[in-house]
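Since every read-out is calculated from the coordinates, none of them should be taken as a lab result. Keep in mind the model is a prediction, meaning the values are calculated, not measured. For neighbour counting, all protein chains shown are included, and Cβ atoms are generated from backbone atoms with ideal geometry for every residue, glycine included.
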Amino acid sequence: MKKLVIISILATFTLSGMAQKFSGGLYFSPTFNWMKPDVKQIEKDAMRTSFGFGLEGDFILTDNFVIASGLRFNNMGGSLKYLDTVPKFVTPDSTYKLNPGHVVKYKTQYVGIPIYIKGKTNEIGGIFYFMKAGVVPSFRYSAKGDVTVNSNDDIRDEVRGIYTSFELGGGIEYVLGGNTRVLAEIVYSNGLTDVTKTVLVGKTKTDKVVQNGIMLNVGILF
């Protein structure tokens, strides 16, 4: 984790040196999250609606080409229904045995370091239109869950510390004056790596569950 953070910081400084200009800002992010399993013994049960916020930095390479990065603080998660037995679901206080049909609500928090390629139009009537795509390595800093009704257990032993997603988004930057712009965008996040460590009965390794989401980002750039 420390190595990934150092690499991201070095990459940011490298991009800063390449860029002709830098702009940045902050945004607020209502988010709709769900967890997607890849095996029939686990089902997606319910979405989780949450909020996050972030800091964005745009390294402007040309008038229409930007490398975007920053820091993002996300509340994520969702609910999973286990259709097979889970022999051990571990928390600091208890070790649960989950019977078939048991639902666990995941409430996780991550710090992400987005790395996007963004393509922008020229200004059209005071508005820049853009699309972006990239990867986001994310680091868990909290993992809570309702293993039983409203139990709010610490489930860090069942959630991986790092996960990576691919993201695709688009939106507008509305010019208020000078370099000040209002940001409005929608971003789809598709998980690439497993987020859970839970092992089903008769299995020797975890089954892949990814974290997906849709973010509606609104903010201001300078």
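Some points to look at:
- Cα long-axis angle, helix 2-18 against the chain (0 to 90 degrees, to the nearest 10): 10 degrees
- Across the options 222, 212, 180, the greatest Cα extent toward the positive end of the charge dipole of segment 174-222 (unit charges at beta carbon of Lys, Arg, Asp, Glu) belongs to 212.
- Residues in segment 124-147 reached by a label modelled at residue 214 [backbone nitrogen below 20 Å; 7 Å Cα→Cβ]: 130-134
- Debye log10 I(q)/I(0) at q = 0.09, 0.13 Å⁻¹ for the chain, Cα point scatterers: -0.41, -0.76
- Taking label points 7 Å from Cα along the Cα-to-Cβ direction, residue 73 and residue 160 give a separation of 2.5 nm.
- Separation in nanometres of the label points that stand 7 Å from Cα toward Cβ, at residue 168 and residue 192: 1.5 nm
- Taking a straight line from the alpha carbon of residue 105, these lysines sit under 25 Å away, with near neighbours fewer than eight places off in the same chain left out: 36, 40, 44, 81, 88, 97, 144, 197, 203, 205, 208.
- Local electrostatic count at residue 46 - Lys and Arg +1, Asp and Glu -1, tallied over other residues with Cβ under 14 Å: +3
- Radius of gyration over Kirkwood radius for segment 101-222, both on Cα atoms: the Rg/Rh ratio is 1.12.
- For the pair segment 61-83 and segment 186-211, the centres of their Cα atoms are 17 angstrom apart.
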